[in-house]
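The values are calculated or read from the model by the stated rules, or taken from the named source; none is laboratory data. These figures come from a predicted structure and were not determined experimentally. Please note: Cβ atoms are built from the backbone with ideal geometry, for glycine as well, and neighbour counts cover all protein chains shown. Quick note on the areas: whole protein, heavy atoms, side chains included, nothing else; ligands and nucleic acids left out. Shrake-Rupley method; radii C 1.70, N 1.55, O 1.52, S 1.80 Å.
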Amino acid sequence: MIQLDSDIFSISYQLLSAVKMTEIFSYTACRQLSQFVAAIHFFHASEYALAVRIHGRTNVTLNSLLISKSYIIAMIGSLIEYCLEITFFPELKEYWWISNLGLTMVIIGEIIRKVAIITAGRSFTHLIKIHHEEHHRLVTNGIYGFVRHPGYCGFFIWSVGSQIMLLNPVCTLGFAVVVWKFFAGRIPYEEFFLKQFFDGEYDEYAQRVPSGVPFVK
């Protein structure tokens, strides 16, 4: 694991060393990268703050920040792509209407996810529950009346939007595929337990309300 980390940062350093600093400090780069950093900071800080507010500090771990090794690698990859492209293809980053579309997706995704967390309250957890707890209830009101998994829906929109905002074509596709595959596997697993917890009530709910993730029934 240590060797892998060393290799990742070594490659990142070598690639970034080739970047023209004039491009990195241009208005385009400063604005887009600032938006990216702000989006990441707000997402994770608010995620943790809401978890503490709802469940209490003693019941929340740093896992609620939702920062994993795979996530860090993905974000480093997106920064590497951005730096290489703005160095060798700076005109690619000047399609502001596309970048602003990505920013809009980031904001919408953030709102959807946070509304989902607030609406579900104590029933929202970052880890899938495999045992039914007394306070765990089936939430079908509010945003849950439109999609069954608004938290996943919001994160999918947010993550893909972050790469569109940076005008990263490779990572946009990569994030969309990887995040979709993750939720395509997680949703059936989670719903297996929800059907056990809530019997036919969840089956009826699932029949009339879409998952919120494209092509995941």
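As an exercise: evaluate Val139 against (1) without any contact (Cβ under 8 Å) to a residue 60 or more places away in the chain; (2) in a helix (DSSP H, G or I); (3) open to solvent by less than 20 Å² (accessible area, probe 1.4 Å); (4) not small (Gly, Ala, Ser) and give the number of the one condition it does not meet.
(2)
Need the failing condition index for Ile80 against (1) in contact with a His (Cβ under 8 Å, 6 or more places away or on another chain); (2) of a type outside the set (S, T, N, Q); (3) in contact (Cβ under 8 Å) with a residue 60 or more places away in the chain, just the number.
It fails just one condition, (1).
Take Asp203 and tell me if it is in contact with a helix residue (DSSP H, G or I) (Cβ under 7 Å, 6 or more places away or on another chain) and modelled with pLDDT under 95. Give the steps one after another, and end with the answer.
Numbers: in contact with a helix residue (DSSP H, G or I) (Cβ under 7 Å, 6 or more places away or on another chain): yes; modelled with pLDDT under 95: yes.
Yes.
So Arg53 passes all but one of these: (1) in contact (Cβ under 8 Å) with a residue 12 or more places away in the chain; (2) under 24 Å from Thr140 (Cα atoms). Which condition number does it fail?
Condition not satisfied by Arg53: (1).
On the given criteria, is Ser99 surrounded by fewer than 20 Cβ atoms within 10 Å (Cβ to Cβ), farther than 29 Å from Val52 by Cβ and polar (S, T, N, Q)? Talk me through it step by step, then tell me what you get.
Working: surrounded by fewer than 20 Cβ atoms within 10 Å (Cβ to Cβ): yes; farther than 29 Å from Val52 by Cβ: yes; polar (S, T, N, Q): yes.
So Ser99 fits the description; yes.
Residue-by-condition table, conditions (1) open to solvent by 40 Å² or more (accessible area, probe 1.4 Å); (2) assigned to a helix (DSSP H, G or I); (3) under 18 Å from Ser70 (Cβ atoms); (4) of a type in the set (D, E, K, R):
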{"site": "Val106", "(1), (2), (3), (4)": "no, yes, no, no"}
{"site": "Ala120", "(1), (2), (3), (4)": "no, yes, no, no"}
{"site": "Arg148", "(1), (2), (3), (4)": "no, no, no, yes"}
{"site": "Ser162", "(1), (2), (3), (4)": "no, yes, yes, no"}
{"site": "Leu173", "(1), (2), (3), (4)": "yes, yes, yes, no"}
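Filter the stretch 190-217 down to the residues that are in contact with a Leu (Cβ under 8 Å, 6 or more places away or on another chain) and of a type in the set (Ser, Thr, Tyr), then identify the one that is farthest from Val147 (Cα to Cα).
Looking at the filtered set, the residue picked out is Tyr202.
Is it true that some residue in the stretch 131-146 is at pLDDT 95 or above and basic (Lys, Arg)?
no
Leu167 versus (1) closer than 30 Å to Thr87 by Cα; (2) touching an Asp or Glu at 6+ places or on another chain (Cβ under 8 Å); (3) surrounded by fewer than 21 Cβ atoms within 10 Å (Cβ to Cβ); (4) not basic (Lys, Arg): which is the lone unmet condition?
Result: Leu167 fails condition (3) only.
Kindly evaluate Val115 against the criterion of being open to solvent by 50 Å² or more (accessible area, probe 1.4 Å) and either farther than 21 Å from Gly174 by Cα or in a helix (DSSP H, G or I) (or both).
Yes; evaluated as a whole, the condition is true for this residue.
Among residues belonging to the stretch 185-198 that are open to solvent by 30 Å² or more (accessible area, probe 1.4 Å) and within 18 Å of Pro210 (Cα to Cα), point out the one that is nearest to the chain's Cα centre (by Cα). Before you say what the answer is, go through the steps one by one.
Within the stretch 185-198, the subset open to solvent by 30 Å² or more (accessible area, probe 1.4 Å) is 185-186, 188-190, 192, 195-197.
Next, from what is left, pick out any that are within 18 Å of Pro210 (Cα to Cα): 185-186, 188-190, 192, 195.
On the way: Gly185: 16, Arg186: 14, Pro188: 19, Tyr189: 19, Glu190: 18, Phe192: 23, Lys195: 26 Å.
Ranking the qualifying residues of the stretch 185-198, first place goes to Arg186.
Can you list residue pairs whose Cβ atoms sit under 8 Å apart, with the first residue in the stretch 183-200 being β-branched (Val, Ile, Thr) and the second being surrounded by 15 or more Cβ atoms within 10 Å (Cβ to Cβ)? Count only pairs 6 or more apart in sequence or on different chains.
Pairs that qualify, where the first residue is β-branched (Val, Ile, Thr) and the partner is surrounded by 15 or more Cβ atoms within 10 Å (Cβ to Cβ), are Ile187/His149; Ile187/Tyr152; Ile187/Ser211; Ile187/Val213; Ile187/Val216.
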